[in-house]
Amino acid sequence: MTEISIAIVDDQNLFRQSLALLVNSIENFTLVAECTGGQAFIDTLKTFKIKPDIAIIDMDMPGINGIDLNKYLHVHHPAIKVIILTVHANETLITQMIDGGAASYLVKNCDKDELLLTINTVYKNGFYFNADVIKALRNSANHRLNSQDILNGMPIMLSKREGQVLNLICKEFNNTEIAAELYLSVRTVEGHRIALINKIKCRNTAGLVLFALKHRLVDIAL
């Protein structure tokens, strides 16, 4: 079973400590950092030779809050996959955080099973968008498409194969599963994924899914 290293960043002591207990109780999870704020986490990262796979981050924190920390990690440590865990269910904030590089967004009233599913899926596929996130992104896309014809104005053309790969990525297929579905090698699929990231000018798999949703290139069921 693959080990997943996890950092928790939350200034609410009881919640953070409870979440740490949960993480430590899961066989393949390893808690590598428990920080009370964004600056503390940034300082802690400087001490790591190997960075954590996933950072579970609250949004409301003094100093460097979750919004700023998400942006910082997206630029300086893009390999760390960010899961926002907050009390806010506002669609504008959801879209803002995903736009800013977060791999997933959960509210704190989610249950244990959804949190574990999110962690494992983000580690495996690079993102996890539940129904609330997909709804928020769709509503954001509708607003933007009503204001201007973005899709027709994009200087971006996807090949048929790139479209197929993107569609399967959005369905949470990993490289091995995409390769089997399209009768390609895993190396070829990885090449298409990298080409898509470069063409769309995003940093990660979540960015590809965000792009596809905004421009109605796929239909992900709620």
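Let's test the formula: R0 of 22 Å, r as the Cβ-Cβ distance of His76 and Asn174. What FRET efficiency results, to the nearest 0.05?
Efficiency at R0 = 22 Å is approximately 0.25.
Sequence gap at least 6, Cα distance under 8 Å: using those rules, report the relative contact order of the chain to the nearest whole percent. Don't skip to the end; give the middle numbers.
On the way: 313 pairs, mean separation 34.3, N = 222.
The value is 15 percent.
Accessible surface computed residue by residue for the chain, with neighbouring protein chains in place and a 1.4 Å probe, gives 50 Å² per residue. If you plug the beta carbon distance of Ile194 and Leu22 into 1/(1 + (r/R0)^6) with R0 = 25 Å, you get a FRET efficiency near 0.10. Where (1) 49, 41, 31; (2) 72, 51, 37; (3) 53, 33, 29 are the candidate values, the label of the one calculated here for Cα extents along the principal axes in Å is (1). When a 1.4 Å probe is rolled over the protein heavy atoms, the share of accessible surface on the chain that falls to carbon and sulfur comes to 52 percent.
Going through the cross-link list Lys135/Lys201; Lys160/Lys201; Lys46/Lys81; Lys81/Lys171; Lys46/Lys124; Lys71/Lys160, which pairs have a Cα-Cα distance over 21 Å in this structure? Please list the in-between numbers first.
Working: Lys135/Lys201 23 Å; Lys160/Lys201 19 Å; Lys46/Lys81 17 Å; Lys81/Lys171 19 Å; Lys46/Lys124 25 Å; Lys71/Lys160 32 Å.
Beyond 21 Å between Cα atoms: Lys135/Lys201; Lys46/Lys124; Lys71/Lys160.
The gain in end-to-end length when the Thr2 to Ala89 segment is fully stretched comes to 28.2 nm, 0.36 nm per residue minus the alpha carbon separation.
The values are calculated or read from the model by the stated rules, or taken from the named source; none is laboratory data. None of the values given here were measured: they were computed from a predicted structure. Every residue, glycine as well, gets a Cβ built from its backbone with ideal geometry; the counts of neighbours run over all protein chains shown. We work out accessible area using only protein heavy atoms, side chains counted, and drop any ligands, DNA or RNA first. Shrake-Rupley method; radii C 1.70, N 1.55, O 1.52, S 1.80 Å.
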